[in-house]
1. Quick one: A:Val397 ticks every box in (1) farther than 17 Å from A:Ile480 by Cβ; (2) out of contact with any Ser or Thr (no Cβ under 7 Å at 6 or more places or on another chain); (3) among the β-branched types (Val, Ile, Thr) bar one, so which box is it?
2. Consider segment A:284-314. How many of its residues are surrounded by fewer than 24 Cβ atoms within 10 Å (Cβ to Cβ) and either in contact with a Pro (Cβ under 6 Å, 6 or more places away or on another chain) or away from every other protein chain (no Cβ under 14 Å) (or both)?
3. On the basis of being modelled with pLDDT of 85 or more, surrounded by fewer than 23 Cβ atoms within 10 Å (Cβ to Cβ) and within 30 Å of A:Pro244 (Cα to Cα), does A:Ala210 make the cut?
4. What number of residues in segment A:447-461 are within 13 Å of chain B (Cβ to nearest Cβ) and part of a helix (DSSP H, G or I)?
5. Could you list all residues from segment A:227-241 that are within 23 Å of A:Ile462 (Cβ to Cβ) and part of a helix (DSSP H, G or I)?
6. Considering B:Ala200, B:Ala165, B:Ala260, which residue is surrounded by 23 or more Cβ atoms within 10 Å (Cβ to Cβ) and more than 9 Å from chain A (Cβ to nearest Cβ)?
7. Can you name every residue in segment A:108-127 that is within 24 Å of A:Met227 (Cα to Cα) and more than 13 Å from chain B (Cβ to nearest Cβ)?
8. Quick test for you: out of A:Ile199, A:Ile282, A:Ile250, pick the one residue that is of a type in the set (A, V, I, L, M, F, W, C) and without any contact (Cβ under 8 Å) to a residue 60 or more places away in the chain.
Amino acid sequence: MGDHAEMTQSFPILSLMLLVPMIGALACLYMEAQAARWIALGATLIDLVLGIYLWLHFDMSAGAPEWQFQEMHAGLFGRFSYALGIDGIALTLIALTVFLMPICIGASWEAIEKRVGEYMAAFLFMETLMIGVFAAQDIYLFYIFFEAGLIPMYLIIGIWGGADRIYASYKFFLYTLLGSVLMLIAMLWMTRAAGSTYIPTLMAFDFDPAIQNWLWLAFFASFAVKMPMWPVHTWLPDAHVQAPTAGSVILAGVLLKMGGYGFIRFSLPMFPEASAHFAWLIFGLSMVAVVYTSLVALVQQDMKKLIAYSSVAHMGIVTVGLFAFNQQGIEGAMMVMLGHGLVAGALFLCVGVIYDRLHTREIDRYGGLAINMPRYALLFMLFTMASVGLPGTSNFVGELLSLMGVYQASSWVALVCTTGIILGAAYMLYLYRRVVFGDLTKDDVRAMPDLSVRELFLLVPIALAVLWMGIYPESFLAPIRGNVASLVARTERAKPEGDAKLVMGKVAPAAHEETEHGPAAGGESH
Amino acid sequence: MISIIVFGPLLAAIIAGLGNRMIGNVPAKVITTGALFLSCALSWPIFLQFLGGHGEQIVEPIFTWVKSGTLDVSWALRVDTLTATMLVVITSVSALVHLYSWGYMDEDPDQPRFFAYLSLFTFAMLMLVTANNLLQLFFGWEGVGLASYLLIGFWFKKPSACAAAIKAFVVNRVGDLGFMMGIFGIYLVFDTISIPDILAAAPAMAGSTIGFLGARFDTMTVLCLLLFIGACGKSAQLGLHTWLPDAMEGPTPVSALIHAATMVTAGVFMVCRLSPLFETSHVAMSVVTIVGAATCIFAATIGTVQNDIKRVIAYSTCSQLGYMFFAAGVGAYGAAMFHLLTHAFFKALLFLGAGSVIHAMHHEQDMRYYGGLYKKIPITFTTMLLGTLAITGVGIPGTQIGFAGFFSKDAILESAFAAGGHGTGAFYVGVLAALLTSFYSWRLMFLTFWGKPRWAASEHIQHAVHGDHDDHPDAEDAGHEDTHAHSHDAHGHDAHHGHAAEGTAGYHPHESPWVMLIPLILLSVGAVLGGFAFHHAFVDPEGGAHFWEASTLFFNEHLMHASHGVPLWVKWSPFTVMALGLIIAWLCYIKNTDWPAKVSAQFYLLYDFLLHKWYIDELYDLIFVRPAFALGRLFWKGGDQGTIDRFGPNGLASLVVASGRVTRALQSGYLYSYALVMLIGLAAAATWAIMPK
């Protein structure tokens, strides 16, 4: 450990980002409702400013160090250390977190009326833990943040959730438990074998391919649940349905991204051979997820369930991209994660807006909102289109790159996953039509006022970010480019061969004849 | 300059859309229409430059879009002959449709939104035609799809409009699946998706093979066919055409702009833009020819029996797009683009004319309730007559005298014949379709404008006559329009005496306002002169080679030479069938008006089959829509709840209960047990960590 101790940062900004919400959380516990709201908003806004500072001072040039803003206190926990540091991938995810947090506080401003102090404390505590997950450079520190981050989420669902909150949190608990125990065992084995708990060291360590498979499966158990991948996804719809709006935003926006982050940070670089070996498993489950959950989303009656199922389908695109073993696939997966974080968060906010007015999530209770809520209709349309992956919005860039990447690995997987763009259009437009279009026939729906200024402040920033990501994604691709490139280089040795195998023909103009080259036939491959 | 043409409409759309009720109807209309007329005014000089042979291909870069690995895509505006042609089509028709909508949408409470959508559409379409890479092409492609969705569903209170909008979007997405796969494949093969780079590298790839879905195929065939699936979706070719007729739920100006003149031709544009790519695959070319010819005849057969005036024109559009595709399929890309241009003018004219008729007939769209309108709305009648003469291809074979469609359709048929192979088949199919075109077009004209009024049976007309004049501002200008009509009209006189003649129900159709008539008149100039003015540049062997040189379009001089040398009977056949169609229509709908009923009774099954559009919608509903919902329910109830949850979490829960623990205790204690397990884990880790090494 000692060899990394000298790497210290003059100004511990990451620690500060962890500390600010933590102090805010403690303060909230002792405050009355209104003061707690303002403290929470203040703390999250400070973190947002710090996040912007982080982004602006992150060195994205070609020769930049892979890890930046590093902090290291080796002696703090005995054998493992308090080590923080970020690369571009972590940077973008931290940015997503600090961007969504003030919006979550704003979304809870009026909706939460009981035990406000505790509620705000839970959220702030969760922000600390989420940033911690992305910033941790020690594997046990990561584990603590990763697992502890669920406790505030349980509380949020369990205390401020809907009628069936107990069942939802029970499912959440059960699924996560198994995965985290297995992951912990794998971590113990790894640190013993590699003799280090420092993540960058582990990322460069070559584990025995035979044992890699077991380690990979142990991590997979945890990340697949978090993602969530089919068939361990059923906790998500229930959790979303029961969670308060802001809880859903954070759950879809950030917590689901921890699974993808885990794959990028651990599974792929630490176990390249095993990742290649199990790529078919990921592809298979993801293909099922895309088609299966999209069809399930089509028949949902509950708005939140529909969006929750659509999240599972989108995460399927992420996982295939990650295991495409190429630059486009992984960058695309990152972009889908960021885009989905914004869009799914915004869609849950959109549901929250009308839930606050009518107190039902049942789709058929609405209809004709375009008449009395035109601003809402416009923003909801934008997010619907972003979810559908319309070019010019965030999700398109991600889906395109991800699928383009996976096409190079397997055209079958690309074809099946691309059907997601058809099914996605079907279920989202069907939802939009039932909620926003149609005539305004119900009196209580007619009485619903349009978006308030507070609600506009929540949705418009996300809308702008969605368009920014869609029109100039370079801002988000530039920070991760170098890290993805080194990840691709790291996994290159295990990369499975694609199915395209281009074979050049004899000299043109024999274009008309079906050439008879078998796959084994030689020739110059591209 | 090209930036102003493209981004002007976007800016206008944003102002009108976000400003909406804040800025009011008139400013929104002025801004959007103004931006379009400006774009139009700037586009024509560019086109004329290319026409004069002085045009230069330029690519104006904007900024980076997507960069990942070797993929490097920028936003850029490309101008060449092909773009310039599309520019004038899009901006001209769009500007006129904007103007027309001032009148047509005058009663609508939601006008800024409508105009914002129209301008947004125009922007997306311009992005499509100025694309220099496949991704920006796809951006425009999806952008027009969005605008089309929004405009079809503009009257969102109507369930049928909402359904049609979703159908249009989803069916187009099926095509987009192919398009996207095509882009992926092209990137894999060429390592770039820049259009000029692909086209330059394409010939070298001819004859190569590639693995696709587990089998091996000719590379270029796979890529071209994938892209062509996209083209079929957008251009409503057989199989993916079902959304287009339903799209008529949108306001009529929208049908004219999007579903006739511009968006639906995007597929043809794409094939022409990528023509050197398609030229490398004989199989792909054959498929394009066959699908085009099949659509051409298929849609024409349905068009002959439809009663809704807009649906007749919609199927006609579908059929004309088939012509364009098989022209491209036989290698006559110039002819395809030429027909695209002339079709844009005469079909927009026919749609806007139909809109004018619908406006006059108080939103009645069923032609069975029309009749005898030529005296009531003479300008609409005259312009539509010109449009009909253009679409049926009236002209004198062997001379340079004729309406627009005469030049372009004959060029297509002659090149198809000259190309031989599948082209010969396409020629015969095309001639047969021309017969049907002539028949359904004249049927429309005769049912609408000739004969005796049959208005009384229409519910819309009944509505208009009996009360609720107040919610229909027509009443205001009716006075003015009536006097206008009466001065020409003897029959109008007895209609005036309270109780009307049987068929009219006392209703007075009136001519549309001038903002609607001026676009009609300008478009009819295009429909009359468009063919004569541009045929040299588009399809003449020498002129065409010169004109298309400054573009990516592959101009086959040999084929165009050959098409001029086809036998005389080939040249005369389109004219002959046109005349035949006219005569049959005249016999059926003017001379012996009882014939259609007799024929349809005689061939009841065939009539029913055509009337129900070959039952394709019903078939799709049966094999795609219903199973999708059924599977969704099955996966949800049977999969998630019945299997995963049952044996997963719920199964575990019941096991725990069975083992004697009370569920309640577990459920209230779950958090603590979780925290406990985690703490034990951490304690274990900590113990290990603290132990000396």
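The values are calculated or read from the model by the stated rules, or taken from the named source; none is laboratory data. Please read these numbers as outputs of a predicted model, since none were measured by experiment. Please note: Cβ atoms are built from the backbone with ideal geometry, for glycine as well, and neighbour counts cover all protein chains shown.
1. The one condition A:Val397 does not meet is (1).
2. Residues in segment A:284-314 being surrounded by fewer than 24 Cβ atoms within 10 Å (Cβ to Cβ) and either in contact with a Pro (Cβ under 6 Å, 6 or more places away or on another chain) or away from every other protein chain (no Cβ under 14 Å) (or both): 2 in total.
3. Details: modelled with pLDDT of 85 or more: yes; surrounded by fewer than 23 Cβ atoms within 10 Å (Cβ to Cβ): yes; within 30 Å of A:Pro244 (Cα to Cα): no.
No: the conditions fail for A:Ala210.
4. Narrowing segment A:447-461 to residues within 13 Å of chain B (Cβ to nearest Cβ): A:450, A:456, A:460.
The next check asks that each one be part of a helix (DSSP H, G or I); those that pass are A:456, A:460.
Going through segment A:447-461 one residue at a time, the tally reaches 2.
5. A:Leu236, A:Pro237, A:Ala239, A:His240, A:Val241
6. Working: B:Ala200 fails: surrounded by 23 or more Cβ atoms within 10 Å (Cβ to Cβ); B:Ala165 fails: more than 9 Å from chain A (Cβ to nearest Cβ).
It is B:Ala260.
7. Within segment A:108-127, the subset within 24 Å of A:Met227 (Cα to Cα) is A:122-127.
Hits for segment A:108-127 are A:Phe123, A:Leu124, A:Phe125, A:Met126, A:Glu127.
8. Working: A:Ile199 fails: without any contact (Cβ under 8 Å) to a residue 60 or more places away in the chain; A:Ile250 fails: without any contact (Cβ under 8 Å) to a residue 60 or more places away in the chain.
Answer to the selection: A:Ile282.
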